[in-house]
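Engineer: Have a look at this one.
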Amino acid sequence: MFWQLALPTIRLPDCDGTLLDSMGIHYEAWKNTASRFGIKITAAAMVELAGKPVNELLDILAERSGVTVTPELRHEFFTTKSKYYLEHAKEVKVIDSVIDIVRAGAARSLPMAVASGGTRKHVMEGLTSTGLLPYFNTVVCGEDVPNGKPAPDAFLLAAQQLGVDPVGCVGYEDAALGMQAIRNAGYMLAVDVTQLPGYPHLTDD
């Protein structure tokens with residue numbers, strides 16, 4: 001299962017749920033905020049929609065709940081959710097099995113980048129607070145690309161910023177949409193980190 005550790009390949013992981021065990025906090029932020037606006041969300045829905053741009057995620061959840069998203073609601077929703085997340089961001093931990101892969105890449109001086117669909121504010125907070133930021137040559141976030149996952153934009157831009165051919169890259173993801181984005185980018189390999197030992201799966205328990 002750890003054969004990929006030995007390969008001299010360029011490594012480009014997602015952030016939330018891949019590098020960082022942050023999906024639980026993101027879920028609580030979404031759930032607590034959504035309940036104020038009559039919007040329903042479950043852990044299963046969070047897993048299903050993981051990787052989508054946050055505005056699109058809100059639209060889908062609101063439609064399923066029969067709620068109309070006005071500009072005012074959108075602004076208040078994300079202001080509230082962001083405040084909750086940042087108040088709990090220090091609780092975020094790394095996912096050890098993925099960090100082993102990152103550290104192995106760093107030991108070989110391989111170029112590495114983060115390709116996330118999350119907001120830069122939250123991604124940089126997580127990478128900085130966990131001490132992971134220095135491992136990466138560049139960080140691509142949701143604001144940097146026109147199309148979210150499963151479009152390949154984030155993974156293509158990350159490879160471009162590293163100055164490498166996507167075909168020589170390995171992407172790491174926890175979400176089905178992210179896995180498809182890696183494949184759409186033409187990477188050598190898409191690694192599903194949820195299959196690694198000890199992965200912290202999100203549940204409603």
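The values are calculated or read from the model by the stated rules, or taken from the named source; none is laboratory data. Predicted, not measured: the structure shown is a model, and the values here were computed from it. Note: ideal-geometry Cβ built from the backbone for every residue, glycine included; neighbour counts use all protein chains shown.
Engineer: Here is a list of conditions, (1) in contact with a Leu (Cβ under 6 Å, 6 or more places away or on another chain); (2) buried (at least 19 other Cβ atoms within 10 Å of the Cβ); (3) at pLDDT 95 or above, and residue 149 meets all of them except one; can you say which number that is?
Structural biologist: Every listed condition holds for residue 149 apart from (3).
Engineer: Mind listing whichever residues of region 153-172 are without any contact (Cβ under 8 Å) to a residue 60 or more places away in the chain and more than 23 Å from residue 58 (Cβ to Cβ)?
Structural biologist: Step one: filter region 153-172 for residues without any contact (Cβ under 8 Å) to a residue 60 or more places away in the chain, giving 153-154, 156-157, 160-161, 163, 165-167.
Those that are without any contact (Cβ under 8 Å) to a residue 60 or more places away in the chain and more than 23 Å from residue 58 (Cβ to Cβ): 156, 157, 160, 161, 163, 165, 166, 167.
Engineer: Moving to a separate point now. Taking residue 113 as meeting all but one of (1) surrounded by fewer than 19 Cβ atoms within 10 Å (Cβ to Cβ); (2) not assigned by TED's automatic domain parsing to the domain that holds residue 54, write down the number of the exception.
Structural biologist: Unmet condition: (1).
Engineer: Out of all the residues in region 68-99, which are under 19 Å from residue 20 (Cβ atoms) and aromatic (Phe, Trp, Tyr)?
Structural biologist: The answer is 84, 85.
Every residue, every condition in (1) aromatic (Phe, Trp, Tyr); (2) in the same structural domain as residue 57 (by TED's automatic domain parsing); (3) at positive phi, yes or no:
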| position | (1), (2), (3) |
| --- | --- |
| 136 | yes, no, no |
| 144 | no, no, no |
| 158 | no, no, no |
| 186 | no, no, yes |
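Engineer: So which residues in region 133-161 are among the hydrophobic types (A, V, I, L, M, F, W, C) and under 21 Å from residue 179 (Cβ atoms)?
Structural biologist: Hits for region 133-161 are 136, 139, 140, 141, 145, 151, 154, 155, 156, 157, 158, 159.
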